[in-house]
Amino acid sequence: MIQRKPVQDRFAGKVAIVTGGSAGIGRATAEEFCSEGGSVVITGREVERGLEAERELNSLKPQALFLHGDMAEGEFVPQIIEKTLARFGRIDYLVNNAFSFIAKGAEATLEDWRRVFETGPITYARMGGAAAEEMKKVGGGAIVNVSSISAFIAQPHRWTYNSAKGAVHILTKCMALDLAPHGIRVNSVSPGWIWTNEVLKAAGGDRAKWDPVWGQFHMLERCGESVEVAAPILFLLSEDASFITATDLAVCGGYQGLGSEGLGKQSTFAGSN
């Protein structure tokens with residue numbers, strides 16, 4: 001398990017919304033944000049998991065609020081903004097993380113296409129626009145959109161998911177351009193294979209077996225941990241990234257840099273000059 005030492009009170013007095021913050025990358029991001037002095041609102045579709053996350057985040061001091069709902073529901077976005085302001089009085093940061101993992105090709109139905117785009121780039125845009133209005137009132141802020149390596153490459157039977165993540169990539173740049181005059185930076189992160197619930201489910205719960213198999217897709221020869229994505233997200237939110245906007249940060253263990261030879265262990269030219 002990866003351990004990270006928090007930066008003491010880097011986000012003291014600040015408030016972040018993390019969609020899909022009750023599990024995986026979103027949960028790790030919320031934990032890290034709270035450990036650095038901030039307050040956070042997390043969303044999720046599973047009530048028990050969300051309430052458990054809220055309890056654990058509040059174990060040291062009251063600084064977290066869980067909101068149950070589906071990001072594809074039209075009224076949920078304004079409710080998130082309203083309830084965040086009612087509880088904490090301001091919004092400084094937004095992490096658009098909730099996304100439907102619908103990976104289908106030509107067989108995808110119209111409902112599949114609608115679902116993956118409504119919960120993904122459409123909601124990212126709606127949340128970004130709504131949160132930005134509140135960030136303007138506090139003098140600026142930052143937004144991080146969670147994209148994926150799938151936004152940049154072709155993968156078999158992934159028309160839906162990869163198209164939606166690709167939309168997030170260009171949406172981030174457009175948001176950054178329009179919000180820059182208001183002191184709001186917008187960036188994205190593109191994780192590789194991360195040990196989230198979806199990946200663990202695909203592995204049948206057997207990390208020891210599948211980590212070296214899927215690790216071969218990455219230069220670092222392993223899948224990542226959620227906290228290894230959370231830390232870069234916090235960097236992009238923070239003042240340490242004050243001159244970074246419209247940028248995607250690949251948090252992929254070298255996945256995007258590999259060619260068709262993979263790690264090169266079977267290549268005739270491995271080790272040649």
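The values are calculated or read from the model by the stated rules, or taken from the named source; none is laboratory data. The structure presented is a predicted model; accordingly, all values stated were derived computationally and were not measured. Every residue, glycine among them, receives a Cβ derived from its backbone with ideal geometry; neighbour counts consider all protein chains shown. Heads up: the accessible areas ignore ligands, DNA and RNA and are worked out on the full protein's heavy atoms, side chains in. Shrake-Rupley method; radii C 1.70, N 1.55, O 1.52, S 1.80 Å.
Does segment 44-56 include one or more residues that are more than 21 Å from Phe235 (Cα to Cα), assigned to a loop (DSSP other than H, G, I, E, B) and in contact with a Gly (Cβ under 8 Å, 6 or more places away or on another chain)? Checking segment 44-56: at least one residue is more than 21 Å from Phe235 (Cα to Cα), assigned to a loop (DSSP other than H, G, I, E, B) and in contact with a Gly (Cβ under 8 Å, 6 or more places away or on another chain). Exactly one residue among Val199, Val144 is within 25 Å of Ile17 (Cβ to Cβ) and in contact with a helix residue (DSSP H, G or I) (Cβ under 6 Å, 6 or more places away or on another chain), and that residue is Val144. Looking across segment 242-266 at every residue that is open to solvent by less than 40 Å² (accessible area, probe 1.4 Å) and farther than 24 Å from Val227 by Cα, the one that is modelled with the highest pLDDT is identified as Gly262. Is it true that Pro78 is loosely packed, with under 13 Cβ neighbours inside 10 Å, of a type outside the set (A, V, I, L, M) and without any contact (Cβ under 8 Å) to a residue 60 or more places away in the chain? So Pro78 fits the description; yes. Of all the listed residues (Ser190, Ser226), the sole one being polar (S, T, N, Q), under 30 Å from Val138 (Cβ atoms) and either surrounded by fewer than 23 Cβ atoms within 10 Å (Cβ to Cβ) or without any contact (Cβ under 8 Å) to a residue 40 or more places away in the chain (or both) is Ser226.
The C-beta contact set for segment 143-169 (first residue within 17 Å of Lys104 (Cβ to Cβ) and without any contact (Cβ under 8 Å) to a residue 60 or more places away in the chain, second residue buried (at least 23 other Cβ atoms within 10 Å of the Cβ) and among the hydrophobic types (A, V, I, L, M, F, W, C), distance under 6 angstrom, 6+ apart or interchain) comprises Thr160/Val116. Taking the numbered list (1) part of a strand (DSSP E or B); (2) touching a helix residue (DSSP H, G or I) at 6+ places or on another chain (Cβ under 6 Å); (3) not hydroxyl-bearing (Ser, Thr, Tyr) in turn, His218 passes all entries but (1).
When Asp92 is tested against the conditions (1) surrounded by fewer than 17 Cβ atoms within 10 Å (Cβ to Cβ); (2) touching a Lys or Arg at 6+ places or on another chain (Cβ under 8 Å); (3) among the acidic types (Asp, Glu), the lone failure is (1).
Screening Val213 on (1) in contact with an Asp or Glu (Cβ under 8 Å, 6 or more places away or on another chain); (2) part of a helix (DSSP H, G or I); (3) not aromatic (Phe, Trp, Tyr) shows it passes everything except condition (1).
Working only within segment 1-50, note down all residues that are among the β-branched types (Val, Ile, Thr) and either crowded, with 19+ Cβ neighbours inside 10 Å or modelled with pLDDT of 95 or more (or both). Answer for segment 1-50, where residues must be among the β-branched types (Val, Ile, Thr) and either crowded, with 19+ Cβ neighbours inside 10 Å or modelled with pLDDT of 95 or more (or both): Val15, Ile17, Val18, Thr19, Ile25, Thr29, Val40, Val41, Ile42, Thr43, Val47.
Give me the residue from segment 132-174 that is open to solvent by 20 Å² or more (accessible area, probe 1.4 Å), among the aliphatic types (A, V, I, L, M) and part of a helix (DSSP H, G or I) and, out of that set, nearest to Gln256 (Cα to Cα). Going through the qualifying residues, I end up with Ala151. Here segment 100-115 is the region considered, the condition is being part of a helix (DSSP H, G or I) and of a type outside the set (A, V, I, L, M), and the residue that is least open to solvent (accessible area, probe 1.4 Å) is Asp112. Can you tell me how many residues in segment 223-244 are in a loop (DSSP other than H, G, I, E, B), more than 18 Å from Tyr255 (Cβ to Cβ) and not β-branched (Val, Ile, Thr)? The total comes to 3. Look at (1) at pLDDT below 95; (2) in contact with a Ser or Thr (Cβ under 7 Å, 6 or more places away or on another chain); (3) among the hydrophobic types (A, V, I, L, M, F, W, C) and you find that Val189 fails only one, number (1). Residues in segment 83-96: is at least one touching an Asp or Glu at 6+ places or on another chain (Cβ under 7 Å), at pLDDT 95 or above and more than 22 Å from Ala12 (Cβ to Cβ)? Within segment 83-96 (the criterion being touching an Asp or Glu at 6+ places or on another chain (Cβ under 7 Å), at pLDDT 95 or above and more than 22 Å from Ala12 (Cβ to Cβ)), the answer is no, since none of the residues qualifies.
Which residues, counting only those in segment 136-174, are of a type outside the set (D, E, K, R) and closer than 20 Å to Lys14 by Cβ? Scanning segment 136-174 gives Val138, Gly139, Gly140, Gly141, Ala142, Ile143, Val144, Asn145, Val146.
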